[in-house]
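Right, one structure below, let's go through it.
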Amino acid sequence: MARIIVVTSGKGGVGKTTTSAAISMGLAMQGKRTAVIDFDVGLRNLDLIMGCERRVVYDFVNVINGEASLNQALIKDKRCDNLFILPASQTRDKDSLTVEGVGKVLENLSENFEFVVCDSPAGIERGATLAMYYADDAVVVTNPEVSSVRDSDRMLGILASKSRRAERGEEAIKEYLLLTRYSPQRVKLGEMLSVEDVQEILSLHLLGVIPESKSVLNASNSGTPVILDDKSDAGQAYGDVVRRYLGEEVPHRFLEEEKKGLFGRLFRG
Amino acid sequence: MGFLDYFRSTRPTSAALAKERLQILIAHERAQRGKPDYLPRLQQELLEVIRKYVSVDDDAISVTMEQDDNREILGVNIILPDDGEQGRRSGQD
């Protein structure tokens, strides 16, 4: 049985696809057989972030409609043997996603994978609700910014009431907060909500904090999940997130402004 | 003096403002969560009916929905004005 992880947020542009790409790659690099699915039917983008856009032949909707087998549609990552990508369709309308269809695909994937990462589209429409319907764990991607925090809280309400686990009265989905685009400098100046502020408002378990970083755009420019850029702060932060998710105790980093000079070096340990 | 005060002023930072606004908003939105969509309309229409007989404020009515294991309770609480001048309520002390 695979563990199904939804990466969700409500608000768009906060880093869901970046996070899905990073977490799935991270899990695969830790030796876990992982599949990542793009649920953004009509606006597929995960393929581009993963750098496999020219290898897409069949997509998620083809599989649901029985026009292709799962094996035909899954794209094997060229950097990591344990990672497979199921792209969203580009053209069809989003009504082609059905609860039954998605359920069947996830069930099939469950037989061969340890983790299935569902990259949710923004909003609370069908694609988003289906991405989280079967989830065991939810990574709620949030920016330290009012509209994103509000939308995340809204998603928490939906996770708690509209998922299969909620409908069946099973143990609730495990919810994790992932704070992205964090700028310790601005927090220090009182210009940005701090990690503690957001945690207090949402009362969620903190999975990690990803600092605002140039490396994220650089990574997406080249179609490389940012976690592979292990020299970058964002890449390292995602690495920590994956290890933390897998149960390792990893202290949070990049919460403070980077100290410079001798003083900084002394205290950085 | 005014100049220095500007720097010393204890105006809340924009982050503090954001936090406060979010806490109020989210508390409100969580309270609404899980309730049927028709509650606000029901409340409005009940208010209109009551106003045919008694003059009450907008906030004099609250409609709540509670749930326990085997039943749902719709609670309607209307606060009538305490001066008993309204025709139907003239018997009130």
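Derivation of every value follows stated rules applied to the coordinates shown; laboratory data play no part. Not measured: the values here are computed from a predicted model. Note: ideal-geometry Cβ built from the backbone for every residue, glycine included; neighbour counts use all protein chains shown.
Annotations
- For the range A:112-121, putting each phi into the Karplus relation 6.51 cos²θ - 1.76 cosθ + 1.60 with θ = phi - 60° gives couplings of 10, 10, 8, 9, 10, 9, 9, 8, 7, x Hz, in residue order, rounded to whole numbers and with x for Gly and Pro.
- Ranking of B:V54, A:V105 by neighbouring Cβ atoms within 10 Å, starting from the fewest: B:V54, A:V105.
- The range A:1-142: proportion of alpha-carbon pairs further apart than 21 angstrom, %: 31
- Likely footprinting exposure, A:L177, A:L193, fewest C-beta neighbours within 10 Å first: A:L177, A:L193
- Order of A:T17, A:T98, A:T91 - criterion: other Cβ atoms within 10 Å of each residue's Cβ, fewest first: A:T91, A:T98, A:T17
- The H on the amide N of A:R253, modeled in the peptide plane, is under 5 Å from the matching H of A:V209, each at least 5 residues off or on a different chain.
- Ellipsoid semi-axes in whole angstrom, largest first, where each is sqrt(5λ) of the Cα gyration tensor of the range A:46-85: 19, 11, 7
- Most positive-pole-ward Cα, A:I124, A:L159, A:H205, against dipole of the range A:76-207 from beta carbon charges: A:I124
- For the protein assembly as shown: rounded, prolate or oblate by the Cα gyration tensor [a/c cutoff 1.5]: oblate
- Quotient of the Cα radius of gyration of the range A:193-256 and 2.2 N^0.38 Å, N being its number of residues: 1.18.
- Couplings 3J(HN,Hα) of the range A:207-223, computed from phi: 7, x, 10, 9, x, 4, 8, 5, 5, 5, 5, 4, 5, 5, 3, 9, x Hz, in residue order, whole Hz [Karplus 6.51 cos²θ - 1.76 cosθ + 1.60, θ = phi - 60°; x for Gly and Pro].
- Dimensions in Å of the range A:1-68 - Rg and Dmax from alpha carbons: 12.8, 33
- Values of log10 I(q)/I(0) for the range A:59-179 across q = 0.15 Å⁻¹ run -0.76, by the Debye formula with one identical scatterer at each alpha carbon and no solvent.
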